[in-house]
Amino acid sequence: MTMKKSRRIRKAVIPVAGMGTRFLPASKAIPKEMLTIVDRPTIQYIVEEVVDSGIEEIIFITSAGKDAIENHFDYDYELDMVLKAKGKTEMHREVQHLADLIDIVSVRQKKPLGLGHAILSARNVVGDEPFLVLLGDDLVLAERPCCRQMLDLYEEVGESIVAVQTVPQDQTFQYGIVEGELKRERVHEVTKMMEKPAPGTTDSNLAIIGRYILEPEIFEMLARTTPGHGGEIQLTDALLAMALKRTMYAFEFEGTRYDAGDKMGYLQAVVAYALHHPQLKDGFRQHLLEVAGGL
Ligand code: G1P
């Protein structure tokens, strides 16, 4: 494995411009990123993962109708006054904490041309430095935040990294799939990548999940990427172009990933996060046992 001098990563790009069609009708008037998992919206878990990993700035890529996401992480003076006046100190502290978490910048994706295009919209705000990308649908429950695990590897290798997990072979068509050479436990050097390959196209079942560390050169690649799968500008296509030019790693992180943008994945996430919630876990476990006993 090549060991290159790495630069510090300060920024995380979180695309939230998607329409959330997989979650209709719930996502018609509410951004899917604002759907609640136990006691907070999905996007808050993503932002907290970024904060817990030591990142300094978040760049949301937004579209019309996504104001609720920005408002969630902003001060709300009226709410502030009401909670103070009512003496709800604990709740006040929690709401205040949301606005103090991290610096947030928003950039509009002007047209819905795909994930690659969304990331390219962040070019001027990111500038010439490596950065993280987190997709809002992918929640990772882990002892050490998934992003932090990736940053640790990046500090060693100084090259772009995509987070991957193995998926059943009959599900590979739903993901970006990586082929690579295993370099050490959990770390593969990428040799090929395909966005949502047709069944039988690849023997690999290493699926990209929504966490990436990218060298700024990716913007050059994205600017040159033509529409791919689904007629959209695919991040995976630009990643392949970069992997062929310089080294890129696929990293099997430790933790469990939930696709919170899918109805079944969302339900699984709610159960998993409830079973980890300090105040709710015991009562909820008891309830689940009772329900299971009655099935
Ligand atoms: C995106 C990426 C895909 C990746 C997936 C992970 O697809 O394009 O490569 O495997 O996220 O969630 P999407 O699910 O947005 O269609």
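The values are calculated or read from the model by the stated rules, or taken from the named source; none is laboratory data. Treat the numbers as computed from the prediction; the structure is a model and nothing was measured. In this analysis, Cβ positions are derived from the backbone assuming ideal geometry, glycine residues included, and neighbour counts consider all displayed protein chains. Just the protein is used for accessible areas: all its heavy atoms, side chains included, with ligands, DNA and RNA removed. Shrake-Rupley method; radii C 1.70, N 1.55, O 1.52, S 1.80 Å.
Percent of C-alpha pairs per 10 Å bin in the range 123-178, short distances first: 16, 44, 34, 7. Computing FRET efficiency as 1/(1 + (r/R0)^6) for residue 56 and residue 91, where r is the C-beta to C-beta distance and R0 is 22 Å, gives about 0.20.
The residues of the chain have, on average, 51 Å² of accessible surface per residue, using a 1.4 Å probe with all protein chains present. For a 20 Å ceiling on Cα separation, which of these pairs sit above it: 32/66; 110/192; 5/192; 5/245; 192/245? Over 20 Å Cα-Cα: 110/192; 5/192. Between residue 103 and residue 30, residue separation times 0.36 nm minus the direct Cα-Cα distance comes to 23.9 nm. Cross-link partners of residue 183 among aspartates and glutamates, defined as those whose alpha carbon lies under 16 angstrom from its own and excluding same-chain residues fewer than eight positions apart: 156, 159, 252. With contributions of -39500 (n - 2.57) from each DSSP H run of at least four residues, the per-residue ellipticity at 222 nm computed over the chain stands at -10000 deg cm²/dmol.
Roughly to the nearest percent, how much of the accessible area of the chain is carbon and sulfur, given a 1.4 Å probe? Exposed carbon and sulfur together represent 52 percent of the surface. Solvent-free Debye calculation, one equal scatterer per alpha-carbon of the range 183-277: log10 I(q)/I(0) at 0.22 Å⁻¹ equals -1.22.
Residue 7 sits with roughly 110 Å² accessible to a 1.4 Å probe, with DNA, RNA and ligands left out of the calculation.
Largest first and in whole Å, give the semi-axes of the chain's equivalent ellipsoid, each being the square root of 5 times a Cα gyration tensor eigenvalue.
Here the semi-axes work out to 32, 24, 19 Å.
Just need the relative contact order of the range 161-246 here, percent rounded to a whole number, with Cα pairs under 8 Å and 6+ apart.
33 percent
Figure legend: label point modelled 7 angstrom from the Cα of residue 226 along Cα→Cβ; no residues of the range 113-132 have amide N under 16 Å from it.
The mean sequence separation of alpha-carbon pairs under 8 Å and at least six residues apart, normalised by the residue count of the chain, gives a relative contact order of 23 percent.
Solvent-accessible area of residue 76, all protein chains in place: 80 Å² (probe radius 1.4 Å, heavy atoms, ligands and nucleic acids excluded).
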